[in-house]
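K.L.:
Encoded as structure tokens, here's the structure I'll be asking about.
The values are calculated or read from the model by the stated rules, or taken from the named source; none is laboratory data. As the structure is a prediction and not an experimental result, all values here were calculated from the model. Cβ placement follows ideal geometry from the backbone for every residue including glycine, while neighbour counts extend to all protein chains displayed. Please note that ligands, DNA and RNA were not included when accessible areas were found on the heavy atoms of the full protein model with its side chains. Shrake-Rupley method; radii C 1.70, N 1.55, O 1.52, S 1.80 Å.
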Amino acid sequence: MRKSWIGIVILILFNACKSNTKTALPVLGYKTPVTKTVNGKTVTDTEYATIPPFKFVNQYADTITQKNLDGKIYVADFFFTTCPSICPVMHRNMLNVYKEFKNDDNFRIISHTIDPKYDTVPVLKRYADKLGIAGNTWWLLHGEKGDTYKIAKSYLQSVSEKNPKGEYIHDGFFILIDKQKRLRGTYEGTDPAEVTKLIADIKTLKAEPDQIAAK
């Protein structure tokens with residue numbers, strides 16, 4: 001009987017460990033092999049793509065740079081306020097993410113307008129008010145169109161890996177970024193099931209050690 005209980009305990013522990021290994025999220029985007037010397041030996045490591053420096057303005061006319069996101073998990077997307085198709089659906093779904101984490105100062109949502117000529121700061125503020133969002137959890141960002149499209153390439157490279165010939169800046173993707181500004185997930189913002197998965201993956205990242213070597 002004692003041996004049976006020991007066997008059951010071992011099986012439970014094994015399954016728990018096995019389950020935990022599945023919770024880690026992969027690091028997405030382009031990867032670069034980097035050769036360096038460690039303890040006198042030459043080793044090859046992997047350098048993961050990160051989001052580069054940027055400078056935009058939010059709906060409160062505050063300047064937002066990458067430093068405002070240091071140490072934070074965040075979700076990025078691209079939209080324009082007069083979009084008649086996918087953007088309203090995306091942001092209705094994003095409201096679920098906002099409501100889940102709006103009291104967490106270590107989490108942000110950033111939505112880049114791809115129509116800066118029309119989507120001025122006052123327009124973005126009215127759009128935010130209509131959505132019912134306030135505070136600093138969700139920033140609607142305005143900048144030069146060229147700057148927005150340039151940084152979109154960094155955010156959406158994990159999407160382009162799936163279909164290199166596609167155009168993705170207005171395809172409704174939500175991109176999950178970790179505290180090290182690495183790409184950790186891509187989700188279809190118009191699909192409620194994908195947004196539910198995004199919320200679960202954010203919780204997974206929140207429980208992840210800051211310096212995890214994700215694969």
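K.L.:
From the cross-link list 67/153; 130/150; 55/203; 125/179; 99/206, which pairs have alpha carbons spaced over 23 Å apart?
P.N.:
With Cα atoms farther than 23 Å apart: 130/150; 55/203; 125/179.
K.L.:
If packing is taken as the average count of other Cβ atoms within 10 Å, what order do 178-184, 147-153 fall into, highest mean first?
P.N.:
Numbers: 178-184: 20.9, 147-153: 16.1.
Order by mean packing, descending: 178-184, 147-153.
K.L.:
Set the Förster radius R0 to 25 Å, insert the Cβ-Cβ distance between residue 92 and residue 65 as r into 1/(1 + (r/R0)^6), and round the FRET efficiency to 0.05. Display every interim value, and only then the final one.
P.N.:
Working: r = 29 Å, r/R0 = 1.14.
Calculated value: 0.30.
K.L.:
Here is a follow-up. Mind grabbing the base-10 log of I(q)/I(0) for segment 51-191 at q = 0.12, 0.17, 0.21, 0.22 Å⁻¹? Debye formula, identical points on the C-alpha positions, no solvent, two decimal places.
P.N.:
Debye curve over Cα of segment 51-191, log10 I(q)/I(0) at q = 0.12, 0.17, 0.21, 0.22 Å⁻¹: -0.42, -0.90, -1.52, -1.71.
K.L.:
Can you give the extra length, in nm with one decimal, that the chain gains between residue 41 and residue 120 once fully stretched, where that is 0.36 nm per residue apart less the Cα-Cα distance?
P.N.:
Values: separation 79, 0.36 × 79 = 28.44 nm, distance 5.42 nm.
Contour length minus Cα-Cα distance gives 23.0 nm.
K.L.:
Each residue of segment 191-208 in order: what ³J(HN,Hα) in whole Hz does its phi give by Karplus 6.51 cos²θ - 1.76 cosθ + 1.60, θ = phi - 60°, with x for Gly and Pro?
P.N.:
9, x, 5, 5, 5, 4, 5, 4, 4, 5, 5, 4, 5, 4, 5, 5, 8, 7
K.L.:
Could you order 154, 111 so the one with the most accessible surface comes first? Probe is 1.4 Å. Walk me through the intermediate numbers first.
P.N.:
Working: 154 20, 111 0 Å².
Per-residue accessible area, sorted high to low, gives 154, 111.
K.L.:
For residue 106 and residue 55 in one chain, what is 0.36 nm times their gap in residues minus the Cα-Cα distance, to one decimal in nm?
P.N.:
Details: separation 51, 0.36 × 51 = 18.36 nm, distance 1.97 nm.
So the extension gain works out to 16.4 nm.
K.L.:
Short version: ³J(HN,Hα) in whole Hz for each residue of segment 113-125, in order, from phi by Karplus 6.51 cos²θ - 1.76 cosθ + 1.60 (θ = phi - 60°), x for Gly and Pro, what are they?
P.N.:
6, 9, 10, x, 5, 8, 7, 6, 4, x, 5, 5, 5
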